[in-house]
Amino acid sequence: MATIRIERKHALSHADAHAAADKLAKDLRKRYQLHYAWDGDDVLFERPGVNGHMHVGKREITLDVTLGFLLSTLKPTIEREIHAQLDEIAPVEKA
């Protein structure tokens, strides 16, 4: 199994960060047939071979994903796509 952990600081309001996380979850559902559900500030998602959660904080979005054996080979591709989506919907906070 492979794991992906992404921590992204953002400059969005909490509501906008929630909206960005929801957009990312919907995109992941469409691309990878993931089932997801909100639990407060967390998005829980799963499908055969993949499970994880995303936490939406006031200043940071954290994503943890566990890939099963068969999807482990796609880890770099999946990680790149998640970063690209985050770049688009929740740009990195500038110092």
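The values are calculated or read from the model by the stated rules, or taken from the named source; none is laboratory data. Only a predicted model underlies this, so the values are computations on that prediction, with no experimental measurement involved. Every residue, glycine among them, receives a Cβ derived from its backbone with ideal geometry; neighbour counts consider all protein chains shown. For the accessible areas, the whole protein counts, side chains as well, though only heavy atoms, and no ligand, DNA or RNA atoms are used. Shrake-Rupley method; radii C 1.70, N 1.55, O 1.52, S 1.80 Å.
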- Most mobile of 30, 58, 75 per a Gaussian network model of the chain (Cα springs, under 10 Å)? 30
- When the accessible area of the chain is split by element with a 1.4 Å probe, what percent falls to carbon and sulfur? 55
- Item | Per-selection Rg to Rh, the range 1-50 - Cα, Kirkwood hydrodynamic radius | 0.98
- Note on the structure: In this structure, the FRET efficiency calculated for residue 70 and residue 22 from their beta-carbon separation, with R0 = 35 Å, to the nearest 0.05, is 0.80
- Query: Under a plain spin-label model, where a point goes 7 Å from the Cα along Cα-to-Cβ, how far apart in nm are residue 42 and residue 60?
  - Reply: 1.6
- Item | Residue-averaged 222 nm ellipticity for the chain, from DSSP H runs of 4+ at -39500 (n - 2.57), nearest 500 | -12000 deg cm²/dmol
- Query: Taking amide H positions as placed 1.01 Å from N in the peptide plane, with prolines and chain starts having none, which residues 5 or more places from residue 60, or on another chain, fall under 5 Å of its amide H?
  - Reply: 10
- Could you state the accessible area per residue of the chain in Å², with a 1.4 Å probe and every protein chain left in place? 60
- Query: Helix 75-89 versus the longest principal axis of the chain: what angle, 0 to 90°, nearest 10, using Cα atoms?
  - Reply: 20
